[in-house]
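**Q** Here's a structure for you.
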Ligand code: ADP
(Lines give C-alpha, C1' and ligand atoms only; values in the text may rest on other atoms or scores of the structure.)
Protein backbone atom coordinates (compact mmCIF):
# COMPACT_ATOMS: atom_id res chain seq x y z
CA UNK A 1 0.00 0.00 0.00
CA UNK A 2 1.38 3.45 -0.83
CA UNK A 3 2.49 5.66 2.07
CA UNK A 4 0.35 8.70 2.72
CA UNK A 5 1.56 11.75 0.81
CA UNK A 6 3.00 9.64 -1.98
CA UNK A 7 0.18 10.78 -4.22
CA UNK A 8 1.21 14.46 -4.28
CA UNK A 9 2.62 14.10 -7.81
CA UNK A 10 -0.19 11.94 -9.17
CA UNK A 11 -2.48 13.73 -11.67
CA UNK A 12 -5.36 12.17 -13.59
CA UNK A 13 -7.50 13.11 -16.61
CA UNK A 14 -11.11 12.02 -16.83
CA UNK A 15 -14.13 12.36 -19.10
CA UNK A 16 -16.21 10.50 -21.63
CA UNK A 17 -14.58 9.38 -24.88
CA UNK A 18 -13.93 12.24 -27.30
CA UNK A 19 -14.07 14.78 -24.45
CA UNK A 20 -10.48 15.69 -25.34
CA UNK A 21 -8.75 14.36 -22.21
CA UNK A 22 -6.00 12.42 -24.01
CA UNK A 23 -5.12 15.45 -26.13
CA UNK A 24 -4.66 17.51 -22.97
CA UNK A 25 -2.83 14.79 -21.04
CA UNK A 26 -0.23 14.65 -23.82
CA UNK A 27 0.07 18.45 -23.94
CA UNK A 28 0.57 18.71 -20.18
CA UNK A 29 3.13 15.92 -20.31
CA UNK A 30 5.07 17.61 -23.12
CA UNK A 31 5.24 20.88 -21.22
CA UNK A 32 6.06 19.34 -17.85
CA UNK A 33 8.75 17.09 -19.33
CA UNK A 34 10.79 20.22 -20.11
CA UNK A 35 10.86 21.12 -16.40
CA UNK A 36 10.94 17.83 -14.51
CA UNK A 37 10.86 14.08 -14.75
CA UNK A 38 7.38 12.82 -15.49
CA UNK A 39 5.50 9.86 -16.86
CA UNK A 40 2.36 9.64 -19.02
CA UNK A 41 0.25 6.49 -18.66
CA UNK A 42 -3.15 5.25 -19.73
CA UNK A 43 -5.53 3.17 -17.66
CA UNK A 44 -6.17 0.42 -18.52
CA UNK A 45 -2.71 -0.08 -19.90
CA UNK A 46 0.89 0.98 -19.34
CA UNK A 47 2.28 -2.45 -18.41
CA UNK A 48 2.56 -5.63 -20.47
CA UNK A 49 -0.11 -7.40 -18.44
CA UNK A 50 -2.45 -4.38 -18.21
CA UNK A 51 -2.25 -3.82 -21.98
CA UNK A 52 -3.32 -7.42 -22.54
CA UNK A 53 -6.26 -6.94 -20.19
CA UNK A 54 -7.07 -3.70 -22.05
CA UNK A 55 -7.36 -5.53 -25.33
CA UNK A 56 -9.78 -8.04 -23.77
CA UNK A 57 -11.85 -5.18 -22.32
CA UNK A 58 -12.09 -3.10 -25.48
CA UNK A 59 -12.57 -5.96 -27.97
CA UNK A 60 -15.85 -5.31 -29.80
CA UNK A 61 -16.47 -9.01 -30.32
CA UNK A 62 -16.70 -9.65 -26.54
CA UNK A 63 -20.43 -8.89 -26.48
CA UNK A 64 -21.09 -11.52 -23.80
CA UNK A 65 -18.85 -9.90 -21.17
CA UNK A 66 -20.69 -9.55 -17.85
CA UNK A 67 -20.59 -6.18 -16.11
CA UNK A 68 -18.90 -7.74 -13.08
CA UNK A 69 -16.19 -9.29 -15.25
CA UNK A 70 -15.72 -5.90 -16.86
CA UNK A 71 -15.36 -4.23 -13.45
CA UNK A 72 -12.86 -6.80 -12.19
CA UNK A 73 -10.75 -6.69 -15.34
CA UNK A 74 -10.43 -2.90 -15.04
CA UNK A 75 -9.36 -3.30 -11.42
CA UNK A 76 -6.89 -6.07 -12.28
CA UNK A 77 -5.28 -3.96 -15.00
CA UNK A 78 -5.09 -1.00 -12.62
CA UNK A 79 -3.57 -2.95 -9.71
CA UNK A 80 -0.78 -4.18 -11.98
CA UNK A 81 -0.11 -0.65 -13.26
CA UNK A 82 -0.10 0.88 -9.77
CA UNK A 83 2.31 -1.65 -8.31
CA UNK A 84 4.56 -2.13 -11.32
CA UNK A 85 4.76 1.42 -12.64
CA UNK A 86 3.04 4.21 -10.71
CA UNK A 87 4.27 3.60 -7.16
CA UNK A 88 7.93 3.12 -8.20
CA UNK A 89 7.76 6.34 -10.27
CA UNK A 90 6.20 8.32 -7.42
CA UNK A 91 8.80 6.95 -5.01
CA UNK A 92 11.50 8.31 -7.32
CA UNK A 93 9.83 11.74 -7.10
CA UNK A 94 8.52 11.70 -10.67
CA UNK A 95 5.23 13.28 -11.67
CA UNK A 96 2.75 10.73 -12.99
CA UNK A 97 -0.03 11.78 -15.37
CA UNK A 98 -2.64 9.14 -15.98
CA UNK A 99 -5.28 9.16 -18.73
CA UNK A 100 -8.19 7.72 -16.68
CA UNK A 101 -8.03 6.08 -13.23
CA UNK A 102 -10.63 4.79 -10.78
CA UNK A 103 -13.08 7.68 -11.30
CA UNK A 104 -13.65 6.17 -14.77
CA UNK A 105 -14.75 2.93 -13.12
CA UNK A 106 -17.16 4.77 -10.81
CA UNK A 107 -18.55 6.71 -13.78
CA UNK A 108 -18.76 3.88 -16.36
CA UNK A 109 -19.35 0.72 -14.33
CA UNK A 110 -21.15 2.43 -11.42
CA UNK A 111 -23.26 5.20 -12.97
CA UNK A 112 -23.18 3.93 -16.58
CA UNK A 113 -23.73 0.18 -16.10
CA UNK A 114 -25.70 0.65 -12.88
CA UNK A 115 -23.53 -1.54 -10.64
CA UNK A 116 -23.86 -0.85 -6.91
CA UNK A 117 -21.73 2.20 -6.15
CA UNK A 118 -20.61 0.83 -2.79
CA UNK A 119 -19.31 -2.36 -4.43
CA UNK A 120 -17.61 -0.35 -7.15
CA UNK A 121 -15.99 1.85 -4.49
CA UNK A 122 -14.68 -1.20 -2.66
CA UNK A 123 -13.36 -2.69 -5.89
CA UNK A 124 -11.69 0.64 -6.69
CA UNK A 125 -9.83 0.54 -3.38
CA UNK A 126 -8.39 -2.84 -4.30
CA UNK A 127 -7.57 -1.95 -7.91
CA UNK A 128 -5.90 1.33 -7.00
CA UNK A 129 -4.06 -0.20 -4.02
CA UNK A 130 -5.63 2.78 -2.18
CA UNK A 131 -3.68 5.30 -4.25
CA UNK A 132 -5.72 8.48 -4.78
CA UNK A 133 -4.92 11.14 -7.38
CA UNK A 134 -3.89 14.51 -5.96
CA UNK A 135 -5.53 16.46 -8.80
CA UNK A 136 -8.05 15.36 -11.41
CA UNK A 137 -9.14 17.25 -14.53
CA UNK A 138 -12.63 16.40 -15.71
CA UNK A 139 -13.58 17.32 -19.28
CA UNK A 140 -17.29 17.86 -19.49
CA UNK A 141 -18.81 17.86 -22.98
CA UNK A 142 -22.28 17.89 -24.50
CA UNK A 143 -23.21 14.66 -26.32
CA UNK A 144 -23.60 16.76 -29.50
CA UNK A 145 -19.92 17.71 -29.29
CA UNK A 146 -18.99 14.04 -28.88
CA UNK A 147 -21.06 13.09 -31.92
CA UNK A 148 -19.45 15.79 -34.06
CA UNK A 149 -15.93 14.82 -32.98
CA UNK A 150 -16.67 11.13 -33.59
CA UNK A 151 -17.89 11.84 -37.11
CA UNK A 152 -14.78 13.90 -37.86
CA UNK A 153 -12.31 11.30 -36.58
CA UNK A 154 -11.46 8.01 -38.26
CA UNK A 155 -11.14 6.23 -34.92
CA UNK A 156 -12.82 2.80 -34.82
CA UNK A 157 -15.16 2.56 -31.84
CA UNK A 158 -14.11 0.16 -29.08
CA UNK A 159 -16.56 -1.90 -27.00
CA UNK A 160 -17.37 0.96 -24.58
CA UNK A 161 -17.34 3.73 -27.18
CA UNK A 162 -19.94 1.76 -29.12
CA UNK A 163 -22.49 2.22 -26.29
CA UNK A 164 -25.38 4.56 -27.06
CA UNK A 165 -25.98 8.18 -26.11
CA UNK A 166 -28.14 7.34 -23.06
CA UNK A 167 -25.27 5.39 -21.57
CA UNK A 168 -22.94 8.32 -22.20
CA UNK A 169 -25.40 10.71 -20.55
CA UNK A 170 -25.44 8.53 -17.43
CA UNK A 171 -21.64 8.41 -17.40
CA UNK A 172 -21.43 12.17 -17.88
CA UNK A 173 -23.90 12.84 -15.03
CA UNK A 174 -21.97 10.35 -12.90
CA UNK A 175 -18.73 12.22 -13.49
CA UNK A 176 -20.42 15.48 -12.50
CA UNK A 177 -21.57 13.91 -9.21
CA UNK A 178 -18.10 12.53 -8.48
CA UNK A 179 -16.56 15.96 -9.10
CA UNK A 180 -19.09 17.59 -6.76
CA UNK A 181 -18.30 15.08 -4.04
CA UNK A 182 -14.54 15.75 -4.35
CA UNK A 183 -14.21 19.51 -4.79
CA UNK A 184 -10.63 19.69 -3.47
CA UNK A 185 -9.35 17.22 -6.02
CA UNK A 186 -11.40 17.96 -9.15
CA UNK A 187 -11.18 20.71 -11.75
CA UNK A 188 -14.28 20.64 -13.91
CA UNK A 189 -13.44 21.98 -17.38
CA UNK A 190 -15.69 22.75 -20.32
CA UNK A 191 -14.31 20.30 -22.89
CA UNK A 192 -15.97 22.27 -25.67
CA UNK A 193 -13.37 25.05 -25.32
CA UNK A 194 -10.44 25.23 -27.73
CA UNK A 195 -7.45 22.94 -27.34
CA UNK A 196 -5.13 25.88 -26.68
CA UNK A 197 -7.39 27.53 -24.10
CA UNK A 198 -7.72 24.28 -22.20
CA UNK A 199 -3.99 23.64 -22.38
CA UNK A 200 -3.23 27.05 -20.85
CA UNK A 201 -5.84 26.68 -18.11
CA UNK A 202 -4.42 23.30 -17.09
CA UNK A 203 -0.85 24.54 -17.27
CA UNK A 204 -1.65 27.47 -14.95
CA UNK A 205 -3.37 25.21 -12.43
CA UNK A 206 -0.55 22.65 -12.43
CA UNK A 207 2.33 25.10 -12.26
CA UNK A 208 0.65 26.89 -9.34
CA UNK A 209 0.14 23.57 -7.64
CA UNK A 210 3.56 22.00 -8.25
CA UNK A 211 6.09 24.82 -8.33
P1 LIG B 1 -10.53 11.40 -25.48
O2 LIG B 1 -9.18 11.05 -24.96
O3 LIG B 1 -11.36 12.11 -24.45
O4 LIG B 1 -11.26 10.27 -26.11
P5 LIG B 1 -9.13 12.86 -27.55
O6 LIG B 1 -8.20 13.77 -26.83
O7 LIG B 1 -8.57 11.61 -28.14
O8 LIG B 1 -10.38 12.50 -26.60
O9 LIG B 1 -9.87 13.71 -28.65
C10 LIG B 1 -10.91 13.16 -29.46
C11 LIG B 1 -10.99 13.93 -30.77
O12 LIG B 1 -11.41 15.28 -30.51
C13 LIG B 1 -9.66 14.04 -31.49
O14 LIG B 1 -9.91 13.94 -32.87
C15 LIG B 1 -9.15 15.41 -31.10
O16 LIG B 1 -8.32 15.96 -32.09
C17 LIG B 1 -10.43 16.21 -30.95
N18 LIG B 1 -10.34 17.23 -29.88
C19 LIG B 1 -9.72 17.09 -28.67
N20 LIG B 1 -9.86 18.22 -27.94
C21 LIG B 1 -10.57 19.09 -28.69
C22 LIG B 1 -11.05 20.44 -28.48
N23 LIG B 1 -10.82 21.09 -27.34
N24 LIG B 1 -11.74 21.02 -29.47
C25 LIG B 1 -11.99 20.35 -30.62
N26 LIG B 1 -11.58 19.09 -30.90
C27 LIG B 1 -10.87 18.45 -29.93
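The values are calculated or read from the model by the stated rules, or taken from the named source; none is laboratory data. In this text, all values refer to a predicted model and were calculated from it rather than measured experimentally. Positions of Cβ are generated from backbone atoms using ideal geometry, with glycine treated the same way; all protein chains shown enter the neighbour counts.
**Q** Looking at the range 45-61, which of its residues are surrounded by 15 or more Cβ atoms within 10 Å (Cβ to Cβ) and assigned to a loop (DSSP other than H, G, I, E, B)?
**A** 45, 46, 47
**Q** How many residues are in a helix (DSSP H, G or I), away from the ligand (no atom under 16 Å from the Cβ) and touching a helix residue (DSSP H, G or I) at 6+ places or on another chain (Cβ under 6 Å) when one looks only at the range 77-104?
**A** Going through the range 77-104, the residues in a helix (DSSP H, G or I) turn out to be 77-91, 102-104.
Next, only the ones that are away from the ligand (no atom under 16 Å from the Cβ) stay: 77-91, 102.
This time we only want the ones that are touching a helix residue (DSSP H, G or I) at 6+ places or on another chain (Cβ under 6 Å), so: 77-81, 90, 102.
Residues meeting the conditions: 7.
**Q** Mind listing just one residue for me: the one in the range 150-161 that is more than 18 Å from the chain's Cα centre (by Cα) and not in a helix (DSSP H, G or I) and, of those, farthest from the ligand (Cβ to nearest atom)? Break it down into steps so the answer makes sense when it comes.
**A** Filtering the range 150-161 down to residues more than 18 Å from the chain's Cα centre (by Cα) leaves 150-156.
Applying the additional criterion that residues be not in a helix (DSSP H, G or I) yields 153-156.
Values: 153: 4, 154: 9, 155: 7, 156: 13 Å.
Per the stated criteria, the residue is 156.
**Q** I would also like to ask the following. Which one is nearest to the chain's Cα centre (by Cα), of the residues in the range 21-33 that are within 7 Å of the ligand (Cβ to nearest atom) and surrounded by fewer than 22 Cβ atoms within 10 Å (Cβ to Cβ)?
**A** This residue is 22.
**Q** Something else now. Name every residue in the range 162-203 that is modelled with pLDDT under 95 and assigned to a loop (DSSP other than H, G, I, E, B), in order of residue number.
**A** 162, 163, 164
**Q** Check off (1) more than 30 Å from residue 207 (Cβ to Cβ); (2) touching a strand residue (DSSP E or B) at 6+ places or on another chain (Cβ under 7 Å) for residue 136 and give me the number that stays unchecked.
**A** (1)
**Q** Looking at 25, 79, which is the one that is modelled with pLDDT of 95 or more and under 27 Å from residue 114 (Cβ atoms)?
**A** 79
**Q** Sort out which residues of the range 195-211 are surrounded by 16 or more Cβ atoms within 10 Å (Cβ to Cβ) and within 15 Å of the ligand (Cβ to nearest atom), and write them in order of number.
**A** 198, 199, 201, 202
**Q** Tally the residues that are farther than 24 Å from residue 95 by Cα, away from the ligand (no atom under 16 Å from the Cβ) and exposed (fewer than 12 other Cβ atoms within 10 Å of the Cβ), restricting the search to the range 162-194.
**A** Number of matching residues: 4.
**Q** Looking at residue 7, is it within 14 Å of residue 131 (Cβ to Cβ) and assigned to a helix (DSSP H, G or I)? Before you say what the answer is, go through the steps one by one.
**A** Values: within 14 Å of residue 131 (Cβ to Cβ): yes; assigned to a helix (DSSP H, G or I): yes.
Here the answer is yes, as residue 7 does meet what is asked.
**Q** Test residue 131 against the criterion of being part of a loop (DSSP other than H, G, I, E, B), surrounded by fewer than 21 Cβ atoms within 10 Å (Cβ to Cβ) and within 16 Å of the chain's Cα centre (by Cα), and give yes or no.
**A** Details: part of a loop (DSSP other than H, G, I, E, B): yes; surrounded by fewer than 21 Cβ atoms within 10 Å (Cβ to Cβ): no; within 16 Å of the chain's Cα centre (by Cα): yes.
So residue 131 fails the test.
**Q** Given the criteria away from the ligand (no atom under 11 Å from the Cβ), over 26 Å from residue 28 (Cα atoms), crowded, with 21+ Cβ neighbours inside 10 Å and under 17 Å from the mean Cα position of the chain (by Cα), does residue 111 qualify? Walk me through how you get there before you give the answer.
**A** Values: away from the ligand (no atom under 11 Å from the Cβ): yes; over 26 Å from residue 28 (Cα atoms): yes; crowded, with 21+ Cβ neighbours inside 10 Å: yes; under 17 Å from the mean Cα position of the chain (by Cα): yes.
Yes; evaluated as a whole, the condition is true for this residue.
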